[in-house]
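Reviewing the structure listed below.
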Amino acid sequence: MYDLIGDIHGHTDALERLLAALDYQERDGLWSHAERQVIFLGDFIDRGPKQVETVRIARAMVEAGQALAVMGNHEFNAVAWQRPIRSNLTSSFASTATRILGSTRHISIKWGRVASSTVSISTGSRLFRFT
């Protein structure tokens, strides 16, 4: 059985409350359930105060086989944004990209296939992967 979770938008505290309400247990930074998995329906980032933490929770769950994840339009924008900030980008997106990626200059993107599409964003010191 699957639990569908979408539109987290960097609100880690709300995500953790939801996972707990769904009887997921947190151990050593990994949320898991004995009988179910989460399917994250995208929009992990943009708006909320804890965007990196939200991505870390989702990433840890996916890597441990406790979740699947679908890239949302906010992640797509982050992936597509691989050039220096232009004046036509909204200040909200520019601010979000800077907070999450720590840099506004360069993003390295790697595409691969492992049973499903995987997108990795590496900023040197940080790696974000969306499956």
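Quick rundown of the values:
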{"read-out": "Region 63-81, residues that are modelled with pLDDT under 90 and in a loop (DSSP other than H, G, I, E, B)", "value": "70, 71, 72, 81"}
{"read-out": "Residue list for region 25-34, filter: at pLDDT 95 or above and either among the hydrophobic types (A, V, I, L, M, F, W, C) or more than 20 Å from residue 70 (Cα to Cα) (or both)", "value": "25, 26, 27, 30, 31, 34"}
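The values are calculated or read from the model by the stated rules, or taken from the named source; none is laboratory data. Just so we're clear, the structure is a prediction, and the values are computed from it rather than from any experiment.
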